[in-house]
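Q: What follows is a single structure, and I will ask about it in a moment.
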Amino acid sequence: MLVTKQTLKKIPQSLATDILQRYEQDRSFRALVYPAMTPVELINLLAQEKMQQELVVFLSHCLLAMESIWWGYLCIDSTGLSLPETEQKTLDVVRRWLHQPVEEYRRMAEIAAQQAGLDNACGWLAQGVFWSGGSITPVNGPQSPAPAWLYAHAVAGAICLAAVLPDGREGDKRYRQFIDMGIDLADGGRGS
């Protein structure tokens with residue numbers, strides 16, 4: 001059993017289905033969920049079934065934007081990999097936004113994500129920052145917010161890429177480490 005507590009402090013929902021309403025799952029995933037299942041029960045089941053990607057996606061949707069993006073940042077940073085310059089600059093923009101979540105840095109994250117591309121964890125994490133709030137249309141365009149929880153999809157993508165890149169050799173080990181960090185955050189910790 002991954003989580004021995006009945007609840008986690010940052011997940012106030014009593015039913016896993018309350019969180020699963022935030023995103024689509026495939027039928028085989030939905031077949032695992034019973035109506036009275038708690039978030040912790042689903043976390044433990046996904047861990048037991050070694051459904052690491054699904055667990056990352058679920059946890060990213062459990063957390064609010066700042067916590068979810070912080071989790072993604074910690075995961076990328078913990079790999080210790082030397083990043084290409086564009087990706088490092090993108091991660092620096094994310095860090096600035098985490099320390100000061102203002103519109104200027106959110107818009108800088110939009111540009112950084114475009115420059116880094118979405119074939120890497122840093123680009124996806126910056127995209128998550130951009131989708132975390134505010135309008136997603138051009139600066140002088142009509143106001144149009146991102147769909148609710150869209151940032152969580154980007155964060156999950158960033159974490160999953162950080163787990164398997166550059167060559168997949170550290171995938172299982174990193175997934176375990178990243179999921180432990182996410183659970184610590186979900187229980188009110190700092191993600192260690």
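Q: Quick one: which residue in 163, 148 is touching a helix residue (DSSP H, G or I) at 6+ places or on another chain (Cβ under 6 Å) and either buried (at least 24 other Cβ atoms within 10 Å of the Cβ) or not basic (Lys, Arg) (or both)?
A: 163
Q: Could you please find all residues in the stretch 55-66 being surrounded by 16 or more Cβ atoms within 10 Å (Cβ to Cβ) and either aliphatic (A, V, I, L, M) or more than 17 Å from residue 121 (Cα to Cα) (or both)?
A: Listed by number, the residues that qualify are 55, 56, 57, 58, 59, 61, 62, 63, 65.
Q: I'd like to know if the stretch 107-124 contains one or more residues that are of a type in the set (D, E, K, R), in a loop (DSSP other than H, G, I, E, B) and modelled with pLDDT under 95.
A: No - not one qualifying residue is present in the stretch 107-124.
Q: Could you count how many residues in the stretch 47-90 are under 16 Å from the mean Cα position of the chain (by Cα) and of a type outside the set (Ser, Thr, Tyr)?
A: Looking only at that region, the number is 24.
Q: To continue, here is another question. Take the stretch 79-106 and flag every residue that is touching a residue at least 60 places away in the same chain (Cβ under 8 Å), crowded, with 16+ Cβ neighbours inside 10 Å and either not in a loop (DSSP other than H, G, I, E, B) or not polar (S, T, N, Q) (or both).
A: Residues satisfying the conditions do not exist here.
Q: Can I ask one more? Could you check the stretch 33-78 and list, in sequence order, the residues that are touching a helix residue (DSSP H, G or I) at 6+ places or on another chain (Cβ under 8 Å) and not in a helix (DSSP H, G or I)?
A: 33, 35, 37, 38, 51, 63
Q: Between 112, 65, which is among the small types (Gly, Ala, Ser) and in contact with a Phe, Trp or Tyr (Cβ under 7 Å, 6 or more places away or on another chain)?
A: Result of the check over 112, 65: 65.
Q: Moving on to the next point. Return yes or no: is residue 23 in a loop (DSSP other than H, G, I, E, B), modelled with pLDDT of 95 or more, within 25 Å of residue 146 (Cα to Cα) and touching a helix residue (DSSP H, G or I) at 6+ places or on another chain (Cβ under 9 Å)?
A: So residue 23 passes the test.
Q: Can you find, within the stretch 181-192, the residue that is surrounded by the most Cβ atoms within 10 Å (Cβ to Cβ) among those that are assigned to a helix (DSSP H, G or I) and touching a residue at least 24 places away in the same chain (Cβ under 8 Å)?
A: Filtering the stretch 181-192 for residues that are assigned to a helix (DSSP H, G or I) and touching a residue at least 24 places away in the same chain (Cβ under 8 Å), the one surrounded by the most Cβ atoms within 10 Å (Cβ to Cβ) comes out as 182.
Q: Applying the selection to the stretch 125-148, what residues are of a type in the set (Val, Ile, Thr) and assigned to a helix (DSSP H, G or I)?
A: Passing the criteria: only 129.
The values are calculated or read from the model by the stated rules, or taken from the named source; none is laboratory data. Just so we're clear, the structure is a prediction, and the values are computed from it rather than from any experiment. Here Cβ is always computed from backbone atoms with ideal geometry, including for glycine, and neighbour counts include all displayed protein chains.
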